[in-house]
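The values are calculated or read from the model by the stated rules, or taken from the named source; none is laboratory data. Keep in mind that what you see is a predicted model, and the values were worked out from it rather than measured. Cβ sites come from the backbone with ideal geometry, for glycine too, and all protein chains shown count toward neighbours. The area values use the complete protein model at the heavy-atom level, side chains included, leaving out ligands, DNA and RNA. Shrake-Rupley method; radii C 1.70, N 1.55, O 1.52, S 1.80 Å.
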Amino acid sequence: MITGKYPSLRLRRSRKTSWSRRLIQENTLTPNDFILPIFLVDGNNKRENIPSMPGVYRYTINRISQIVDKALKLGIPMVALFPKNKNSLKDEIGSESLNENNLVCQAILEIKKKYKNQIGIMCDVALDPYTSHGHDGLIKSSQIINDQTIEVLINQSLLQAEMGCDVLAPSDMMDGRIGKIRKSLDKSKFHNVQILSYAAKYASNFYGPFRNAVGSNKSLKGDKKTYQMDFRNSDEALREIALDIKEGADMVMVKPAMPYLDIIKSIKDKFKIPVFAYQVSGEYSLIETAIKKKLINSDAIYESLISFKRAGANAIVSYYADRINNILK
Ligand code: PBG
């Protein structure tokens with residue numbers, strides 16, 4: 001594969017000027033590569049700081065256009081909605097997830113009313129922002145019960161689809177949920193609603209700041225290792241992906257992103273399907289804090305994002321998406 005030989009071949013020759021480096025660059029980033037997560041909070045006219053995620057905010061429904069306008073102007077194709085629910089709304093079975101007036105439903109209606117199809121909306125399918133125990137599913141005798149959880153996830157999916165959600169993103173890691181959700185969507189004439197499966201989602205230590213952002217950190221009892229993947233495994237990720245494709249996933253997600261570049265690459269090589277990378281809250285806050293402390297310079301953001309493209313990702317969920325014009329400059 002390697003052609004040529006020093007001294008007639010000198011790779012530095014092509015690196016010597018900026019214009020030449022630009023000509024031989026193999027990967028690029030544009031706003032089209034991004035999905036912007038938006039945190040929702042109840043109340044009126046608020047934009048709240050999130051202490052664990054400097055530079056990221058929670059928005060009330062009436063302020064949501066502030067951030068969606070920005071995404072639209074930048075040319076970002078899709079936003080992802082995440083609610084921070086009051087503790088008083090949480091219970092053992094995550095009932096609020098099926099309330100047609102919940103934060104996510106309100107936000108979908110608001111965004112669709114104002115922006116129609118100018119921007120896509122993606123919603124998590126999982127119960128953790130709604131349960132008093134902070135887990136993604138229902139619990140019986142200390143176990144997360146798979147099949148009963150799927151029944152709730154189906155209803156959550158149908159509700160979000162009905163409100164106008166474009167892309168459902170099951171992030172719960174129950175077995176078999178993609179197929180059952182797809183079937184229920186089709187039966188209810190939602191055959192055009194896409195499914196982005198969080199197919200390779202690891203039981204990661206990098207989700208801490210997010211759990212703080214949605215307020216599930218204090219409530220979470222134990223860990224998520226019985227349903228999210230073991231980070232020692234990679235073959236298992238391919239099995240997860242293969243299953244979800246067979247069950248009807250349109251796109252698959254790898255999460256977190258930077259510690260899992262090998263997984264992104266092998267999925268892309270093997271399956272040739274759209275693969276998304278989720279640069280999660282812990283990755284974001286690490287980079288952001290290190291920049292603030294002047295340990296690294298801010299070009300590290302671009303370097304982290306291009307690594308996902310290099311590995312084979314088609315798109316990136318990133319909390320940096322709303323600042324992407326500065327990053328690409
Ligand atoms: C919920 C969910 C999580 C994230 C996205 N959806 C947290 C978790 O599984 O505990 C994490 C995102 C991030 O850390 O940025 N199922």
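How large are Rg and Dmax for the stretch 137-238 when calculated on the C-alpha trace, in angstrom?
14.7, 40
Please work out the average accessible area per residue across the stretch 29-328, using the 1.4 Å probe convention, and give it in Å².
Values: 12900 Å² over 300 residues.
On a per-residue basis, the stretch 29-328 sits at 43 Å².
How large is the Kirkwood hydrodynamic radius of the stretch 57-106, in angstrom, based on all distinct alpha carbon pairs? Walk me through the numbers on the way to the answer.
Numbers: mean 1/r = 0.0796 Å⁻¹.
Taking the inverse mean of 1/r over all distinct Cα pairs, the stretch 57-106 comes out at 12.6 Å.
Taking all protein chains as present, what is the carbon and sulfur share of the accessible area of the chain, in % to the nearest whole number, probe 1.4 Å?
On the way: 8250 of 16160 Å².
C and S fraction of accessible area: 51 percent.
Using alpha carbons only, how many angstrom separate the centre of the stretch 229-275 from the centre of the stretch 306-326?
When both Cα centres are located, 17 Å separates them.
For residue 91 paired with residue 46, estimate the spin-label separation in nm (one decimal), with each label point 7 Å from Cα along the Cα-to-Cβ line.
Inter-label distance under the simple model: 2.3 nm.
Would you grab the residues whose amide H sits under 5 Å from the one on residue 134? Only those 5+ places off in sequence or on another chain, please, with H modelled 1.01 Å from N.
It is none; the list stays empty.
Quote the relative contact order of the chain in percent (integer), defining contacts as alpha-carbon pairs under 8 Å separated by 6+ residues.
On the way: 602 pairs, mean separation 60.1, N = 329.
Relative contact order for the chain comes out at 18 percent.
Quick one: what does P(r) look like for the stretch 12-79 with 5 Å bins over all Cα pairs, in whole %?
3, 15, 17, 15, 13, 9, 8, 8, 7, 4, 2, 0
From the phi angles alone, apply the Karplus equation (6.51, -1.76, 1.60; θ = phi - 60°) to the stretch 302-311 and give each ³J(HN,Hα) in whole Hz, x where the residue is Gly or Pro.
4, 4, 5, 6, 5, 5, 5, 5, 4, 6
Return the sequence-ordered ³J(HN,Hα) values of the stretch 150-155 in whole Hz as given by the Karplus equation 6.51 cos²θ - 1.76 cosθ + 1.60 applied to θ = phi - 60°, using x for Gly and Pro.
Whole-Hz 3J(HN,Hα) from phi for the stretch 150-155: 4, 4, 5, 4, 4, 5.
What length, rounded to one decimal in nm, is gained on full extension from residue 262 through to residue 310, with 0.36 nm per residue of separation minus their alpha-carbon distance?
On the way: separation 48, 0.36 × 48 = 17.28 nm, distance 1.07 nm.
Net length gain for the segment: 16.2 nm.
Taking one equal scatterer on every alpha-carbon of the stretch 174-230, how large is log10 of I(q)/I(0) by Debye at q = 0.18 1/Å?
So the normalised log intensities work out to -0.79.
What distance in nm lies between label points placed 7 Å from Cα along the C-beta direction at residue 140 and residue 109?
My value for the distance between the label points is 3.4 nm.
How many angstrom lie between the C-alpha centres of the stretch 187-210 and the stretch 31-86?
18 Å
Expected output is a single nm value to one decimal: the length gained when fully extending between residue 13 and residue 297, i.e. 0.36 nm times separation in residues minus the C-alpha distance. What is it? List each step's numbers first, then the result.
Working: separation 284, 0.36 × 284 = 102.24 nm, distance 2.70 nm.
The span from residue 13 to residue 297 would gain 99.5 nm if fully extended.
Note the angle between two axes, namely the Cα long axis of helix 261-271 and the longest principal axis of the Cα atoms of the chain, as a number of degrees from 0 to 90, rounded to the nearest 10.
For helix 261-271, the angle is close to 80 degrees.
Regarding the stretch 29-328, what's the average projected area of the Cα-atom convex hull, expressed in nm²? Don't skip to the end; give the middle numbers.
Values: hull surface 57.2 nm².
Orientation-averaged projected area of the Cα hull: 14.3 nm².
Calculate the radius of gyration of the Cα atoms of the stretch 9-50 to one decimal place, then report Dmax, the largest Cα-Cα distance, as a whole number, both in Å.
For the stretch 9-50, the Cα radius of gyration and maximum Cα-Cα distance read 21.2, 64 Å.
Restricting attention to the stretch 53-155, which GluC sites (Glu not before Pro) occupy a DSSP loop and are surrounded by at most 14 other Cβ atoms within 10 Å?
Numbers: sites: 92, 96, 100, 110, 151; in loops: 92, 100.
Listed in order of number, the matching sites are 92, 100.
Using only C-alpha positions, report the orientation-averaged shadow area of the convex hull of the stretch 14-149, nm², one decimal. Kindly include the intermediate steps, with their values, before the conclusion.
Numbers: hull surface 49.8 nm².
Result: 12.5 nm².
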